[in-house]
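A short write-up of the structure that comes next.
No lab work stands behind these numbers, since they all come straight from the coordinates. This one's a predicted model, so the numbers in the text were calculated from it and none came from an experiment. Please note: Cβ atoms are built from the backbone with ideal geometry, for glycine as well, and neighbour counts cover all protein chains shown.
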Amino acid sequence: MAHDTHHPGAGQDAPLWPWLAAAVAALLGLAAWTQFSASPPVALQQLARWLPTLLLGLGANIGISVLAMALGTVAGLLIGALSLSTLAPVRGGTRLYVQVFRNAPVLVLVYFSTYVFPFELQLLHWRLPFPDWIKVVLGLALPASANVAEIFRGAVQSIPSAQWEAAQSLALSRRDIFRLVVLPQCVRRMLPPWMNLYASITMATSLASLVGVHDVVDAAQIASNTVSRTDFTVLIYASLLLLFFAYCYPIARATQALEARHARH
């Protein structure tokens, strides 16, 4: 009798992490080579000079994405819980919020948050600046919260009804059922799509430079204008793509691993 030799992941594309490691090593190798070579090409020499600035700019993008995702997660969990309310107006309001901000263009939300919030906050006798990067965080937190709310609602509704009935037969309150039975399972089910959402939010931070935030895209633009060479412009934007890929691709791979693990269980 023939045995099924199919395994999870068989037939899938080969992992890209070796290519990622090779690309990062090549970028670092180019930077080192320009430091020690007697006459490196001008574009590579300039790339080595600007690479620390790009890395600092990427740190700003990562900081914005982490703050936006943290704020969006807290708000999304609250909105997702309200979407399960027994009150129809509450469910309708949360559903409208989710539909509006899940389907709104991120660029529009970034511009919206930039111009709808004031440049300064008046607190008693003090004027506090309201920097653009905080406005970008809020703009990205809006779609993040809508998506987290939908992820949470779907995770709760995916719990089999038999588990609810079994918990009720043990005289557990609705709050205890959520805390002891539903939420632990929801965390496992929510984590893969949450990680995918974080990667998307990170890539969306590249829009921050359009509203005056000094991030990695803005650093690349300044470098391109300063050096003013076509070969360098191509090289630095290729490096920009590589930096985003190097940060987001491991997140995508970890998400796939979690999904495969969840499927086995």
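Overview of results
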| item | result |
| --- | --- |
| Region 108-265: C-alpha gyration tensor shape, a/c 1.5 cut-off, then a/b vs b/c | oblate |
| Interchain or long-range residues, amide H under 5 Å from HIS214's placed H | none |
| Net charge contributed by nearby residues that have their C-beta within less than 15 Å of LEU78 (K/R +1, D/E -1) | +2 |
